[in-house]
Amino acid sequence: MISELADVVGAWKRGGRASREAVLHELATIPGVYVPAMYDVTYDGAFIASIAPKYPDVPAVVDKRTVADLAEWPYPKQQLVPLVEVVHDRLNVEIFRGCTRGCRFCQAGMITRPVRERPEEQVRTMVQEGLRRTGYDEVALTSLSSADFSGIDGVVAGLVNDQEGTGAVSVSLPSLRVDAFSVGIASEIQKVRRTGLTFAPEAGSWRLRQVINKLILEDDLYTAVDAAYSQGWRRVKLYFLTGLPTEMDEDTLGIAELAANVVNIGRKHNKQATATVSVGGFVPKPHTPFQWFGQNGVDELQRKITMLRGALKGTRAQLKWHDPAATFAEGIASRGDRRIGRVIERVWRAGGTFQEWSEHFSLDRWTDALRAEGLDPDWYVTRHRTRDEVLPWAHVAAGLHADFLWDDWQSALKAHGLPDCRWTPCYDCGVCTDYALEHVVASPVPPAGGSQGTGQDLARGGEIPVLLGRKPTGPLSHDAATGATEERKELAGVLSVSEGDEA
């Protein structure tokens, strides 16, 4: 696609740059290219009424383009090496693309389907040649879930143990599923240097993990952290989301319970063992089943963080959290329509630069800019969407059927999880069937066991084989209990109205 874009722009420049409208029009006819100026949006009050192309040859829906086989696609061979130390200062090697674990909050997993693994030998070549050319002493095997790569144990062992001519090179796996992490992987990684380990259970209870389709068993987490601590790690990082659909206070407090149990496991191996609990506010994303969900507001997210801080006292687990005000601003951008472009410009003109830096961030700039444009912040952020609403990205296709996403949203509200479609029958999400694609996976069975699609009894997913810690106690306040109940009622109301509309 890059070469096609370059050809069009090159011809336009050589022709004297006669018409900007003409070159944008031609670019919009390239499959997979979205040019916003080539589409007209009409509104019905605050809602979008329609999105239509300006010209007959501009597609009504822009479809994504996907590399079917990574083995046949050129990969970077002459990587740039910075002259100064940078974040992630290491060799990055992509081992596969796509993920079909089906986490309902994960935009990347939804839009990059299907799974396409590189051949193991190609991965080895990329690492060896990359290290030789760059001089790095660390390599990251990147993907959306690196421990899911077929034969990952052997790949890691080979890279660590076969380092002729490269020196002591450490291996890191930035994306780890706790149900695909083993003692074997842990023992190989720590041979050179113990890189950081981050596990992402995402939710504090089995019920909520079924809602978000992160089908991680309690035993999966405890087995993974036990493997890490047993191989010499003294600290692991656990990542969770709060503000998820149907979340109750007991789900939030479950985060503290899991963290306390993790620390207790670590202290069996090392009395100094600790855990860092990182909590982010959930922001719904387009092209996911949660795109219809209205996220929690600032006050509600702050209440949950405060509750967690109290529950984690004395557990040797350190809590870090994302600013709820910043989460609200992210929600504005996440599902905003083209009217938010003017809002972003206003924020910038008001001095809103470096907004990711807490010392420069101000939510007031965003809400003031919205109101100056006649827009309601809560309409964009905390409002639940209905099925018949035209969403701002309806004319951009990531390959997923709208019916599939809506049905998965209904399954989420019923706390019904779906196993990985790599190992189970097709759910007809639309990617493989409509785009003539298929999974490229070396192994016919799930790697390293794992709980999704391996025949384990997910009905017993919340059971803990051994009581490792004390559950945080204390009754919910009247306000907290009422707020959680009202949230569920509101979601149920959206569901029933939409079903009635369908009928």
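Pairs of Cα atoms under 8 Å, at least six residues apart: use those to get the relative contact order of the stretch 9-164, whole percent. Before the final figure, lay out each step's value.
Values: 165 pairs, mean separation 28.2, N = 156.
Relative contact order here is 18 percent.
Carbon and sulfur: what percent of the chain's accessible surface (1.4 Å probe)?
Values: 12390 of 23570 Å².
C and S fraction of accessible area: 53 percent.
Quick one: 3J(HN,Hα) in Hz for the stretch 344-353, Karplus 6.51/-1.76/1.60 with θ = phi - 60°, rounded, Gly and Pro as x.
Using θ = phi - 60°, the values come out as 4, 5, 4, 4, 5, 5, 8, x, x, 9 Hz.
If you stretched the chain out fully between GLU438 and ASP407, how much longer would it get, using 0.36 nm times the residue separation minus the C-alpha to C-alpha distance?
Working: separation 31, 0.36 × 31 = 11.16 nm, distance 2.22 nm.
Answer, rounded to one decimal: 8.9 nm.
Once phi is turned into θ = phi - 60°, what whole-Hz ³J(HN,Hα) does the Karplus curve with 6.51, -1.76 and 1.60 give for every residue of the stretch 379-384, x standing for Gly and Pro?
4, 7, 9, 9, 7, 6
If I take the Cα coordinates of the stretch 268-402 and project them onto the principal axes, what are the three extents in Å, biggest first?
Extents along the principal axes, in whole Å: 55, 40, 23.
I need the shape label for the stretch 81-142. Rule: rounded when a/c is under 1.5, else prolate if a/b > b/c, else oblate, with a, b, c from the alpha carbon gyration tensor.
Details: a/c = 3.97, a/b = 1.67, b/c = 2.37.
Judged from the Cα gyration tensor, the stretch 81-142 comes out oblate (a/c at least 1.5, b/c at or above a/b).
Compute the length gained on full extension between LEU80 and VAL67: take 0.36 nm times their separation in residues and subtract their Cα-Cα distance, giving the result in nm to one decimal. Before the final figure, lay out the partial values.
Numbers: separation 13, 0.36 × 13 = 4.68 nm, distance 2.35 nm.
Result for the pair: 2.3 nm of gain on full extension.
What percentages make up the Cα-Cα pair-distance distribution of the stretch 1-59 when the bins are 5 Å wide from 0?
4, 18, 24, 19, 15, 8, 6, 4, 1
About its Cα centre, what dipole magnitude does the chain give when the only charges are +1 on Lys and Arg Cβ and -1 on Asp and Glu Cβ, stated in debye to the nearest 20? Mind dumping the intermediate values first?
Numbers: 56 positive and 66 negative charges, 321 e Å.
Computed about the Cα centre, the dipole is about 1540 debye.
Work the Kirkwood hydrodynamic radius out for the stretch 76-185: mean of 1/r over every pair of different alpha-carbon atoms, inverted, in Å. Present the calculation step by step, with values, prior to reporting the outcome.
Values: mean 1/r = 0.0676 Å⁻¹.
After inverting the mean inverse Cα-Cα distance, the result is 14.8 Å.
For the chain, build the convex hull from the C-alpha positions and give me its volume per residue in Å³. Numbers along the way, then the final one.
Working: hull volume 92.8 nm³, N = 503.
Residue-normalised Cα hull volume stands at 185 Å³.
What figure, in Å² to the nearest 10, do you get for the accessible area of HIS269 with a 1.4 Å probe and non-protein molecules left out?
90 Å²
Taking a cut-off of 27 Å, what percent of all Cα-Cα pairs in the stretch 1-149 are separated by more than that?
49 percent
Determine the per residue accessible area of the stretch 240-291 with all protein chains present and a 1.4 angstrom probe, expressed in square angstrom. Intermediate results must be reported in sequence, preceding the final value.
Working: 1210 Å² over 52 residues.
Result: 23 Å² of accessible area for each residue.
For the full complex of protein chains and a 1.4 angstrom probe, list ARG335, ARG422 by accessible area with the highest value first.
On the way: ARG335 5, ARG422 30 Å².
Sorted by accessible area, descending: ARG422, ARG335.
Suppose a student asked you for the relative contact order of the stretch 1-74, using Cα pairs under 8 Å spaced at least 6 residues apart; what percent would you report?
The normalised contact order for the stretch 1-74 reaches 23 percent.
Starting from the residue with the highest accessible area, list HIS88, HIS401 in decreasing order, probe 1.4 Å.
Numbers: HIS88 120, HIS401 60 Å².
Ranking HIS88, HIS401 by accessible area, largest first, yields HIS88, HIS401.
One-quarter of the Cα convex hull surface for the stretch 330-421, in nm²? Let's see the in-between values first.
Values: hull surface 33.0 nm².
Average of the hull's projected areas for the stretch 330-421 equals 8.2 nm².
Quickly estimate the mean residue ellipticity at 222 nm for the chain, helices only: each DSSP H run with n ≥ 4 gives -39500 (n - 2.57), and the total goes over all residues, rounded to 500.
Values: 17 runs with 191 residues, N = 503.
Theoretical 222 nm ellipticity from helices: -11500 deg cm²/dmol.
What Cys residues in the chain have no fellow cysteine's beta-carbon under 4.7 angstrom?
CYS99, CYS421, CYS426, CYS429, CYS432
Can you give me the relative contact order of the chain as a percent, contacts being Cα pairs under 8 Å and 6 or more apart? Could the numbers behind the result be given before it?
Working: 820 pairs, mean separation 86.0, N = 503.
The value is 17 percent.
How many angstrom lie between the C-alpha centres of the stretch 239-316 and the stretch 26-87?
Spelled out, the Cα-based centre of one part sits 35 Å from the other.
Taking a 1.4 Å probe, which of GLU202, GLU373 shows the most accessible area, and what order do the others take after it? Can you show the working numbers first?
On the way: GLU202 15, GLU373 50 Å².
From most accessible down to least: GLU373, GLU202.
Rounded to the nearest whole Å², what accessible area per residue is found for the stretch 347-441 with the 1.4 Å probe?
Values: 4890 Å² over 95 residues.
Counting only protein heavy atoms, the per-residue value for the stretch 347-441 is 52 Å².
Calculate how many DSSP beta bridges within the chain are antiparallel, expressed in % of all such bridges and rounded to the nearest 5. Working shown, then result.
On the way: 8 of 35 bridges.
Percent antiparallel among DSSP bridges in the chain is about 25.
If the cut-off is a Cα-Cα distance under 13 Å, which aspartates and glutamates reach LYS313, setting aside same-chain residues fewer than 8 apart in sequence?
Those aspartates and glutamates meeting the cut-off are GLU257.
The values are calculated or read from the model by the stated rules, or taken from the named source; none is laboratory data. Bear in mind the structure is a predicted one, so any value in this text is a computation, not a measurement. Cβ sites come from the backbone with ideal geometry, for glycine too, and all protein chains shown count toward neighbours. With ligands, DNA and RNA removed, areas are computed over all heavy atoms of the protein, side chains included. Shrake-Rupley method; radii C 1.70, N 1.55, O 1.52, S 1.80 Å.
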